[in-house]
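Inspection log for the structure reproduced underneath, given as structure tokens.
Just so you know, all these numbers are worked out from the coordinates, no wet-lab data involved. Computed from a predicted structure; not experimentally measured. Glycine also receives a Cβ, built like all others from the backbone with ideal geometry; neighbour counts cover every protein chain displayed.
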Amino acid sequence: MTGADKATKRVFVAGHRGMVGSAICRQLSQRNDVELIVRTRSELDLTNPVAVSAFFAEQSIDEVYLAAAKVGGIHANNSYPADFIYQNLMMECNIIHAAHVAGVQKLLFLGSSCIYPKLAAQPMTENALLTGTLEATNEPYAIAKIAGIKLCESYNRQYGRDYRSVMPTNLYGENDNFHPENSHVIPALMRRFHEAKLRGDNEVVVWGSGTPMREFLHVDDMAAASIHVMELADEIYQANTQPMLSHINVGTGVDCTIRELAQTMAKVVGFAGEVVFDASKPDGTPRKLMDVSRLANLGWRYTHSLQAGLSLTYQWFLEHQDAFRK
């Protein structure tokens, strides 16, 4: 075995086909000190504790990025709450416990900004966790993500593990879901503006008044932040977190109105018609912004502006749009 071989880390990315997991894999695959370990759902059922334990026992894994999750929009969360809480809890419990039993010292758990109370003060700091009532529509999913944070903290406290958690803001980019009914705001608007351009429509109607403010982060920035947090020296990480409040917000710290988003989207897509807002439709939460000062203190900042990130995403959409018509 060469010296280079000895320095290679075996890194398991759970959820490697998802938007975030695939972005992490793209970045880690460019490294010569990483051997990526991935499994499809048919190869490894992450909700099966026996299968997950056997996998970890066999693989000699050094690090884990836990990006696997059952995700969906408001309709899916409302329709299948038991599926969302059960499957997410099982995946987290199985992977974190099996990693510990197999002696894996380093793990990064990826959560969601929905862990914070519905009425949390803006911008939302890490300290807001468990200080109020969650948004009812995705409470089961949020509870599972909070449990993931607490699992990591508990294994750290009891067993001296180094299991960390990051909480992303609204993400978009390559491998996003562009389904016409089930997608989030950026892929939904991108597809709507694109199809309106192809039809030659004079206007695109956007739900709501356009005044709510949202924060968006390109998925490549999320992957870079995840790797940055995973690789922070222990003393730096511990100096900026607390044992029972250890998660780190990941975002831009900058938000925009839905109106500004829609106008930027029209520019990126090349839609020349009018953007109209239907104020009779619901707006949702007035503002949702992450406080990212903890991450800034740890030496990381986003690199993609909204327009640049949307341009990259639209290019990817154009290259893959045939798959979305099926």
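Which net charge results when you count Lys and Arg as +1 and Asp and Glu as -1 among the other residues whose beta-carbon is under 11 Å from that of MET90?
Details: positive: LYS70; negative: ASP45, ASP83, GLU92.
That sum, taken over residues with Cβ under 11 Å, equals -2.
Separation of the stretch 49-97 and the stretch 191-216, taken as the distance between their Cα centroids, equals 34 angstrom. For the chain, the longest principal axis of the Cα atoms and the long axis of helix 19-28 meet at an angle of about 60 degrees.
Per residue of the chain, the DSSP helices (runs of n ≥ 4 H) give a summed -39500 (n - 2.57) that works out to -13500 deg cm²/dmol at 222 nm.
Its residues counted as N, the stretch 209-256 yields a C-alpha radius of gyration over 2.2 N^0.38 Å of 1.48.
Which of the residue pairs LYS9/LYS150; LYS150/LYS288; LYS9/LYS106 have a Cα-Cα distance greater than 20 Å in the structure shown? Those over the limit are LYS9/LYS150; LYS150/LYS288. Computed over the stretch 172-326, the quotient of the alpha carbon radius of gyration and 2.2 N^0.38 Å is 1.19. For the pair ASP201 and ASP83, the difference between a 0.36 nm per residue extended length and the Cα-Cα distance amounts to 38.5 nm. Please list, by residue number, everything in the stretch 180-201 whose backbone N is under 12 Å from a paramagnetic label point 7 Å out along Cα→Cβ of GLN321. Of the residues in the stretch 180-201, 190-200 have backbone N under 12 Å from the label point off GLN321.
For the stretch 42-177, the normalised intensity computed at q = 0.09, 0.13, 0.15, 0.20 Å⁻¹ comes to -0.28, -0.58, -0.77, -1.24 (log10 of I(q)/I(0), Debye sum over alpha carbons, equal scatterers, no solvent).
Relative to the longest principal axis of the Cα atoms of the chain, helix 185-199 runs at roughly 40 degrees.
Once you wrap a convex hull around the alpha carbon atoms of the chain, what is its projected area averaged over all directions, in nm²? Spell out each step's value before the answer.
Working: hull surface 69.5 nm².
The orientation-averaged projected area of the Cα hull of the chain comes to 17.4 nm².
Relative to the dominant Cα principal axis of the chain, helix 139-159 is inclined by about 30°. Both numbers refer to the Cα atoms of the stretch 126-177; Rg and Dmax are 13.8, 39 Å.
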